[in-house]
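Read the structure below first, then the notes.
What follows is calculated from the coordinates using simple rules that are stated; it is not laboratory data. Since the structure is predicted, the reported quantities are computational estimates derived from the model, not experimental observations. Ideal geometry is used to build each Cβ from the backbone, glycine not excepted, and the neighbour counts take in all protein chains shown.
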Amino acid sequence: MSRAIRNPAQLCQRLELPPEWVDSSVDTSPSFSLFAPLEFVSRMKKGDCHDPLLLQVLPKLEENQLVPGFTADPVGDQQATLAPGLIQKYRGRALLVTSGACAVHCRYCFRREFPYQQSPPQWSTWETALEQLWAAPDVEELILSGGDPLTLSDDTLSELVLRLAEIPHLKRLRLHTRLPIVIPQRVTDDMLTWLTRTRLTPIVVIHANHGNELDEFVAVAVTRLRRAGVTLLNQSVLMQGINDDVESLTALSESLINIGVIPYYLHLLDRATGTHAFEVGAATGIQLLGELRNRLPGYAVPRLAVETAGGASKEILF
Ligand SMILES: *Cc1c(COP(=O)(O)O)cnc(C)c1O
Ligand code: SF4
């Protein structure tokens, strides 16, 4: 992560993008900064301003337009917070925001403006969350999210998982992480140890939006997780110009199932401030997934999901 590219002009230069295009489109000093590790950048095509991986990370001037309906907290995280960093919206599962750090800054992120400073990644925060979990016997699954939980050290995560496994009603541990995609070398032996030598059943939900993200290093990381007994799912966001065509979605699903990952959710964009240019309508999503159903095994077609603040589950549109 320390070698990641943080300067938009440097990224554009490295990819040999036309300077006129850069001048007219790229925000060189964005408030939500650029952060793109070299492992991820290496999968982008040189000279292509529309590269689907580049578009996920490159700050654009259009992000600064204020568009009605796009807000700081589009999914109602604040009203569902039980303790600092602990969010419960749905029956049986709770989500712990373990860290504000990510291995990549995704321009479409719905937690772009999440107040991470209110739940810093430290034991004093987690002690309160653990107390809440002890007192919530209906919670059977804990989701480590963020930010990205895998930005924390294996020692810290190992300790946290030990403490979670002491809570008798918890049965499953789920990780929502982009690191196995962004820097697949993060899937270390130590990680496999704390993740699989616990009585909690491990589930890892990775996050790839385009087939080009799945290179041979990702395949190795995913295979190691799978062989260690981890259930692997993928979630994507449907985005304009990135994956809103049937060929891209088909290739993504095929690449995922070929390495043993089940496509789980295709999310409609959460309407966070600055993300409007990525939005694709529900009708287009439904049509695309209908076409996917005619091309792929049933298990390779993700559910089209949208989150509405206050809902009892994510709403499934297809
Ligand atoms: C999306 C989400 C979950 C997980 O929902 P599933 O439908 O079980 O994948 C859990 N908690 C929160 C707060 C969420 O936003
Ligand atoms: S990895 Fe997830 S939380 Fe982090 S910036 Fe990307 S979408 Fe947001």
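Taking the alpha-carbon distance from residue 314 and a cut-off under 22 Å, which lysines remain once sequence neighbours fewer than 8 residues away in the same chain are dropped?
89, 171
Considering only DSSP states other than H, G, I, E and B, which trypsin sites (Lys or Arg not before Pro) in region 104-186 qualify as loop sites with at most 14 other Cβ atoms within 10 Å?
Working: sites: 107, 111, 112, 163, 171, 172, 174, 178, 186; in loops: 107, 111, 112, 171, 178.
Passing both the DSSP loop test and the Cβ count: 171.
Could you work out the per residue convex hull volume over the alpha carbons of region 78-316, in cubic angstrom?
Details: hull volume 28.0 nm³, N = 239.
Given the Cα convex hull of region 78-316, per-residue volume reads 117 Å³.
By how many degrees, between 0 and 90 and to the nearest 10, does the Cα long axis of helix 282-293 differ from the longest principal axis of the chain?
With both axes taken from Cα atoms, the answer is about 80 degrees.
So if R0 is 30 Å, what FRET efficiency would residue 216 and residue 293 give, r being the distance between their Cβ atoms, rounded to the nearest 0.05? List each step's numbers first, then the result.
Values: r = 29 Å, r/R0 = 0.97.
Result of the calculation: an efficiency of 0.55.
Applying the Karplus parametrisation 6.51 cos²θ - 1.76 cosθ + 1.60 with θ = phi - 60° to the phi angles of region 241-248, what ³J(HN,Hα) value in whole Hz is obtained for each residue in order, glycine and proline being reported as x?
Per-residue couplings from phi come out as x, 10, 9, 8, 9, 5, 5, 4 Hz.
By the scheme Lys and Arg +1, Asp and Glu -1, what is the net charge of all other residues having a beta-carbon under 15 Å from that of residue 219? It would help to have the intermediate numbers written out before the result.
Numbers: positive: 43, 186, 224, 226, 227; negative: 39, 213, 215, 216, 254.
Once all neighbours under 15 Å are counted, the net charge is 0.
Hey, what did the chain get for relative contact order, percent, Cα under 8 Å, at least 6 apart?
Numbers: 607 pairs, mean separation 54.4, N = 318.
Rounded, it is 17 percent for the chain.
If you average the C-alpha positions of region 94-113 and of region 247-297 separately, how far apart do those two centres end up, in angstrom?
Cα centroid of region 94-113 versus Cα centroid of region 247-297: 20 Å apart.
For a quick check: with amide H placed at 1.01 Å from N, whose amide H comes under 5 Å from residue 242's, ignoring anything fewer than 5 positions away on the same chain?
Under 5 Å from the amide H of residue 242: no residue qualifies.
I need the phi-derived Karplus couplings for region 110-122: 6.51 cos²θ - 1.76 cosθ + 1.60, θ = phi - 60°, integer Hz, Gly and Pro marked x.
3J(HN,Hα) across region 110-122, in whole Hz: 7, 9, 3, 10, 5, x, 4, 5, 7, 9, x, x, 8.
Taking just the alpha-carbon atoms of region 245-286, what radius of gyration and Dmax come out, in angstrom?
12.6, 36
Once you sort the root eigenvalues of the Cα gyration tensor of region 126-188 as a ≥ b ≥ c, which label holds: rounded (a/c under 1.5), prolate (a/b larger than b/c) or oblate (the other case)?
Values: a/c = 2.39, a/b = 2.02, b/c = 1.18.
Prolate, since a/c reaches 1.5 and a/b exceeds b/c.
If a/c stays under 1.5 just call it rounded; otherwise compare a/b with b/c (prolate if a/b is bigger, oblate if not). Do that for region 76-188, with a ≥ b ≥ c from the square roots of the Cα gyration tensor eigenvalues.
On the way: a/c = 1.69, a/b = 1.26, b/c = 1.34.
Judged from the Cα gyration tensor, region 76-188 comes out oblate (a/c at least 1.5, b/c at or above a/b).
Report the net charge of residues surrounding residue 196, where surrounding means a beta-carbon distance below 14 angstrom and charges are Lys +1, Arg +1, Asp -1, Glu -1. Write down the numbers at each step before the final one.
Details: positive: 172, 174, 197, 199, 224, 226, 227; negative: 154, 189, 190.
Every neighbour counted, the sum reads +4.
Could I have the simple spin-label model distance between residue 33 and residue 67, label points 7 Å from Cα toward Cβ, reported in nm to one decimal?
Label-label distance for residue 33 and residue 67, simple model: 2.6 nm.
Which aspartates and glutamates, on any chain, are close to residue 60 with Cα under 20 Å apart, when same-chain ones fewer than 8 places away are left out?
16, 20, 23, 27, 48, 51, 113, 244, 270, 279
Evaluate E = 1/(1 + (r/R0)^6) for residue 171 and residue 254, where r is the Cβ-Cβ distance and R0 equals 35 Å; express this FRET efficiency to the nearest 0.05.
Numbers: r = 32 Å, r/R0 = 0.92.
So the FRET efficiency works out to roughly 0.60.
Quick check on region 8-64: take the gyration tensor over C-alpha atoms, sort the square-rooted eigenvalues as a ≥ b ≥ c, and tell me if it's rounded (a/c under 1.5), prolate or oblate.
Working: a/c = 1.72, a/b = 1.21, b/c = 1.42.
Taking the square roots of the gyration eigenvalues as a ≥ b ≥ c, region 8-64 is oblate.
Convert each backbone phi in region 151-167 into a coupling constant with the Karplus relation 6.51 cos²θ - 1.76 cosθ + 1.60 (shift: θ = phi - 60°), then list the ³J(HN,Hα) values in order as whole Hz, x for Gly and Pro.
Calculated HN-Hα couplings, in order: 6, 7, 6, 4, 4, 5, 5, 4, 5, 5, 5, 4, 5, 5, 5, 6, 7 Hz.
As an exercise, identify the GluC sites (Glu not before Pro) in region 1-44 lying in DSSP coil whose Cβ has no more than 16 other Cβ atoms within 10 Å. Provide the component values of the computation, followed by the final result.
Working: sites: 16, 20, 39; in loops: 16.
In loop regions of region 1-44 (DSSP not H, G, I, E or B), the sparsely surrounded GluC sites (Glu not before Pro) are 16.
If I model a spin label as a point 7 Å beyond the Cα along the Cα-Cβ vector, how far apart are those points for residue 153 and residue 42 in nm?
2.6 nm
Quick query: amide H of residue 237 versus all other amide H atoms, modeled in the peptide plane; which residues come in under 5 Å with a sequence gap of 5 or more or a different chain?
267
Quick check: net charge around residue 171, other residues with Cβ under 12 Å of its Cβ, Lys/Arg +1 and Asp/Glu -1? Walk me through the numbers on the way to the answer.
Details: positive: 93, 172, 174, 199; negative: 138, 140, 141.
It works out to a net charge of +1.
Subtracting the Cα-Cα distance from 0.36 nm times the residue separation, let me have the gained length for residue 91 to residue 10 in nm, one decimal. Could you put the intermediate results ahead of the total?
Values: separation 81, 0.36 × 81 = 29.16 nm, distance 4.56 nm.
Net length gain for the segment: 24.6 nm.
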